[in-house]
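Structure first, commentary second.
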């Protein structure tokens, strides 16, 4: 009978189950161990004589940097829920009805340039000079409204709780900090992430393959005040908003 050889088996690991994983690794003659989202590779397993596959989501890896630099956070557009004007002035709270743990208004995004107020009854866009944003109160005040017409404010928000982190916390019971995701299109942010990755490689000498996940943006999950889904699109690109990327693309187009 031919001698069994090691190979063709990659075994996932789980913190707290080192003995079980090591037993399966030997009995199944695995040639690779890999960590997964939500767990790390224990030293006792990383030191085995096999390939080590390490998962890394670079845009979510350095949370201290993400917390210190809200200007580099992942952004997206949200439309406020429609409100009926009862007079010629209407005050809209754009984030009313949305998850306060996930979103905050982006006061770096030049509201008059990137936001929009619309009369939903007529479909007309309200001129920017007829509305103002107050950052302290987080409200948009619309003037010269038509009474009994509905209005919305479409605004740019920062995501202070990454969609994947939120999904796993609520669905799979993961605990820990609310993870923030960075926008790597900002040159300063991208340079920092490259330095972080270089240091990460030094700190993980046993890793033979880096399994990258989520370089930039991903699917859409919008949540209400009770952290329940109000919209989800696993295949869409609604969360690909990046002011810096727009600027870069416009500059490239202008020079082409």
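We did not get these values from a lab; they are worked out from the coordinates using the rules stated. As the structure is a computational prediction, the values presented were derived from the model and not from experiment. Don't worry about glycine lacking a Cβ; one is built from the backbone with ideal geometry, like all the others, and counts go over all protein chains shown.
With an 8 Å cut-off on Cα pairs and a minimum separation of 6 or more residues, tell me the relative contact order of region 118-215 in percent.
On the way: 59 pairs, mean separation 16.6, N = 98.
Normalised by residue count, the contact order of region 118-215 is 17 percent.
Restricting to Cα pairs below 8 Å that are 6+ residues apart, what does the relative contact order work out to for region 10-138? Please round to a whole percent. Could you put the intermediate results ahead of the total?
Values: 101 pairs, mean separation 18.0, N = 129.
Reported as a whole number, the value is 14 percent.
In whole angstrom, note down how far apart the Cα centers of region 171-193 and region 24-92 are.
6
Where the Cα atoms of region 4-79 are projected onto their three principal axes, how long is each span, largest first, in whole Å?
59, 23, 19
Per 10 Å bin, what is the whole-percent P(r) computed from every C-alpha pair distance within region 71-123?
Pairs per bin, as whole percents: 18, 50, 28, 4.
Which number do you get for Rg(Cα) / (2.2 N^0.38 Å) in the chain?
Taking the Cα Rg and dividing by 2.2 N^0.38 Å, one obtains 1.31.
How far, in nm, would the chain grow between residue 201 and residue 167 when pulled straight, counting 0.36 nm per residue and subtracting the alpha carbon separation?
Details: separation 34, 0.36 × 34 = 12.24 nm, distance 2.84 nm.
Value of the extension gain: 9.4 nm.
Run the paramagnetic zone check for residue 67: 7 angstrom along Cα to Cβ, then residues of region 176-204 with backbone nitrogen under 17 Å.
Correct set: 176-182.
Given the Cα atoms of region 101-167, and with Rh set as the inverse mean 1/r over their pairs in the Kirkwood sense, what is Rg to Rh to two decimals? Numbers along the way, then the final one.
Details: Rg = 13.9 Å, Rh = 13.3 Å.
Here Rg/Rh amounts to 1.05.
Rounded to whole Å, give me the distance from the Cα center of region 149-165 to that of region 121-145.
16
Considering the Cα trace of region 1-144, what is its radius of gyration and what is Dmax, both in angstroms?
Values for region 1-144 (Cα only, Rg and Dmax): 26.8, 89 Å.
Per DSSP H run of n ≥ 4, the term is -39500 (n - 2.57); total these for the chain, divide by its residue number, and report the mean residue ellipticity at 222 nm rounded to 500 deg cm²/dmol.
Numbers: 7 runs with 63 residues, N = 256.
Computed mean residue ellipticity for the chain: -7000 deg cm²/dmol.
Two decimals is fine: what is log10 I(q)/I(0) at q = 0.16 Å⁻¹ for region 135-220, from a Debye sum with one equal scatterer on every Cα and no solvent?
-0.94
Output the relative contact order of the chain, whole-number percent, from Cα pairs under 8 angstrom with separation of 6+ residues. List each step's numbers first, then the result.
Working: 441 pairs, mean separation 58.1, N = 256.
Averaging sequence separation for qualifying contacts and normalising by length gives 23 percent for the chain.
Write down the percent of antiparallel bridges among all DSSP beta bridges whose residues are both part of region 1-144, to the nearest 5. Mind showing how you got there, number by number?
Values: 8 of 14 bridges.
Counting only bridges with both partners in region 1-144, antiparallel ones make up about 55 percent.
Where both partners of a DSSP beta bridge lie in the chain, what percent of those bridges are antiparallel, to the nearest 5?
Numbers: 28 of 38 bridges.
Counting DSSP beta bridges with both partners in the chain, the antiparallel share is about 75 percent.
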